[in-house]
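Written below as structure tokens is the structure these notes are about.
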Amino acid sequence: MAPRIEFEADVFSSTGLTLLVDGAAQSHVDAHDATRLFFEYVQRIGHVLDAVADPGAPLRVLHLGGGAMTLARYVEATRPDSTQVVVDADARLVAIVRERLPLPAGARIAVMVADARDALARLPDDERFDVVVVDLYTRLESPAFVDEPAFMHACLGRLGERGLLVVNVADAAGGPRLAAQARAIARAEPAAGLVVAGPPSVLSGAEEGNAVIVAGPAIPPRVLERLRGAGPFPVEVLEGARLDVVLWGAC
């Protein structure tokens, strides 16, 4: 049975819409202001997009997981002339989203209907990105391959010299997905920089919620400063020995 796809009006804004798939919130878009990011984890990814390069400079961004294409719209609004690729495996969802919320006219946003792994292999061999965003969920479940080092290696392999991989992790209490996906990145590329940002209660495993993993050849200090200082609060950014405890446990 095909999933039920619908849009719900935002009670906080007359122009906001939430995309629901079988009743589960997948994305939020403000139809009149693409810079308004509603969900906390999306705001954190937005901070990375803001700080990875000088303000307004165009970016090359690959979005694995489309939803309502919230972040692609955000990049277009904040960094005109950016080149973006949005990948989603659900052709029906893509068609409904594009009909209900058309992408900005003239935006350089290509949409590919494909499995994320297939898309990574189908892109031109020499195509590299400043940011690769991984946000792969069907309702509340992510595909098993997101936990695999081979998939994370393929994502890291699509980064430019100073590119960053950003992964949304929606997790249960105890943080099993966070640990699995961060470990997959660490095993795929042991030399990569790796940090995790989110509410302290989520990072400690005390509560369910969303965390954001950031990884790449080198993570600019301004990205860390932005994640720590721009909210939503409370926020914690784990790196180094404190992150090792999350990944591998106390020695």
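The values are calculated or read from the model by the stated rules, or taken from the named source; none is laboratory data. Just so it is clear, the model here is predicted, and its values are computed rather than measured. Cβ atoms come from the backbone with ideal geometry, glycine included; neighbour counts cover every protein chain shown. The protein model used for the area step is the full one, side chains on, heavy atoms only, and it has no ligands, DNA or RNA in it. Shrake-Rupley method; radii C 1.70, N 1.55, O 1.52, S 1.80 Å.
Points to keep in mind about this one:
- Percent of C-alpha pairs per 5 Å bin, the chain, short to long: 1, 6, 14, 19, 21, 18, 13, 6, 2, 0, 0
- For the chain, the share of accessible area belonging to carbon and sulfur comes to 53 percent (1.4 Å probe, ligands and nucleic acids excluded).
- P(r), alpha carbons of segment 36-120 - 5 Å bins starting at zero, rounded %: 3, 15, 25, 25, 21, 9, 2, 0
- Residue-normalised accessible area of segment 81-166, expressed per residue, 1.4 Å probe, Å²: 51
- What the Cα atoms of segment 155-225 give is an Rg and a Dmax of 12.3, 36 Å.
- Centre separation in Å (Cα based) which lies between segment 32-85 and segment 192-210: 21
- Put simply, segment 124-251 fits an ellipsoid with semi-axes of 22, 17, 14 Å; these come from the alpha carbon gyration tensor as the roots of five times its eigenvalues, largest first.
- Packing rank of 66-74, 190-198, where each peptide gets the mean count of other beta carbons within 10 Å, highest leading: 66-74, 190-198
- Cα Rg over Rh - segment 93-135, Kirkwood: 0.99
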